[in-house]
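Structure first, commentary second.
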Amino acid sequence: VIKLSLADDFNEQTRLEKVGEATAFIRATLKEAAPRVAKNYVYRVSIEANQIFRDISGNAERTLHWTEDYGIELEEDGHRRPFQNLSGGEQMTAALSVRLALLKQLSDINLAFFDEPTMNMDAERRENLAQQISQITEKQTFNQLFVISHDDTFENYVDNVLTLRADE
């Protein structure tokens, strides 16, 4: 009986050692793969953000880059400008493009809220953004988009408009 108990204990110890080795291997593999996975996601988000940026800005001559250190750069005529050197409208468009790309690439959430997305944008960019936002639902990238804005540019591109007015 003692021999059988010792044999069972030895078998259990051997099994647990194998589980420990497999767990250590999986952890090491994941730790090694994590930077590559992150780099791949940054690359995919960058491509998507660039396309959105071009659609909103109406300019295919410039390239938006979401960098590996999660910065935003805009390339034009072979020169890259960091986020802080962009105009207010360019910053808003670039940041919005990256946010939308992140939602599309990394989430199953088909709902997005935009709070004053046209701030610091000129009339052409506001119009392009409104068109792009309406196309996002048509392409079924997002099922529902909510735009909160003082800007009436969106009124021609959305299904429903709620107007709130302060009551005296």
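Scanning the range 68-97 for residues that are within 13 Å of Pro117 (Cα to Cα) and among the aliphatic types (A, V, I, L, M) gives Met92, Ala94, Ala95, Leu96. Taking first residues from the range 36-52 that are touching a residue at least 24 places away in the same chain (Cβ under 8 Å) and partners that are assigned to a helix (DSSP H, G or I) and open to solvent by 80 Å² or more (accessible area, probe 1.4 Å), no Cβ contact under 6 Å between residues at least 6 apart in sequence or on separate chains turns up.
Comparison of Thr63, Thr93 shows that the only residue that is β-branched (Val, Ile, Thr), in contact (Cβ under 8 Å) with a residue 40 or more places away in the chain and closer than 29 Å to Phe154 by Cβ is Thr93.
Within the range 142-158, is there a residue that is within 19 Å of Glu48 (Cα to Cα) and surrounded by 14 or more Cβ atoms within 10 Å (Cβ to Cβ)? So far as the range 142-158 goes, yes, one or more of its residues are within 19 Å of Glu48 (Cα to Cα) and surrounded by 14 or more Cβ atoms within 10 Å (Cβ to Cβ).
(1) surrounded by 17 or more Cβ atoms within 10 Å (Cβ to Cβ); (2) among the β-branched types (Val, Ile, Thr); (3) under 16 Å from Val45 (Cβ atoms): which one isn't true of Ile109, the others all being true? All conditions pass for Ile109, except number (1). Take the residues in the range 49-90 that are assigned to a helix (DSSP H, G or I) and open to solvent by 50 Å² or more (accessible area, probe 1.4 Å); name whichever of them is modelled with the lowest pLDDT. Ranking the candidates gives Asp55 first.
Scanning the range 91-106 for residues that are open to solvent by 50 Å² or more (accessible area, probe 1.4 Å) and in contact with a strand residue (DSSP E or B) (Cβ under 7 Å, 6 or more places away or on another chain) returns a single hit, Leu103. Of the set (1) open to solvent by 50 Å² or more (accessible area, probe 1.4 Å); (2) assigned to a helix (DSSP H, G or I); (3) over 26 Å from Arg44 (Cβ atoms), all apply to Gln131 but (3). Inside the range 98-123, residues that are farther than 18 Å from Phe146 by Cβ and at pLDDT 85 or above make up a count of 3.
Candidates are the residues of the range 127-141 that are touching a helix residue (DSSP H, G or I) at 6+ places or on another chain (Cβ under 7 Å), under 18 Å from Glu48 (Cβ atoms) and not hydrophobic (A, V, I, L, M, F, W, C); the one that is modelled with the highest pLDDT is Asn128. Within the range 7-16, the set of residues being open to solvent by 70 Å² or more (accessible area, probe 1.4 Å) and of a type in the set (S, T, N, Q) comprises Asn11, Gln13. Residues of the range 17-31 that are open to solvent by 90 Å² or more (accessible area, probe 1.4 Å) and among the hydrophobic types (A, V, I, L, M, F, W, C): Phe25, Ile26, Leu30.
The values are calculated or read from the model by the stated rules, or taken from the named source; none is laboratory data. Predicted model, so just to flag it, every value in this text is computed and none were measured. Reconstructed Cβ throughout: ideal geometry from the backbone, glycine too, with neighbour counts over all protein chains shown. Accessible surface areas use protein heavy atoms only, side chains included; no ligands, DNA or RNA. Shrake-Rupley method; radii C 1.70, N 1.55, O 1.52, S 1.80 Å.
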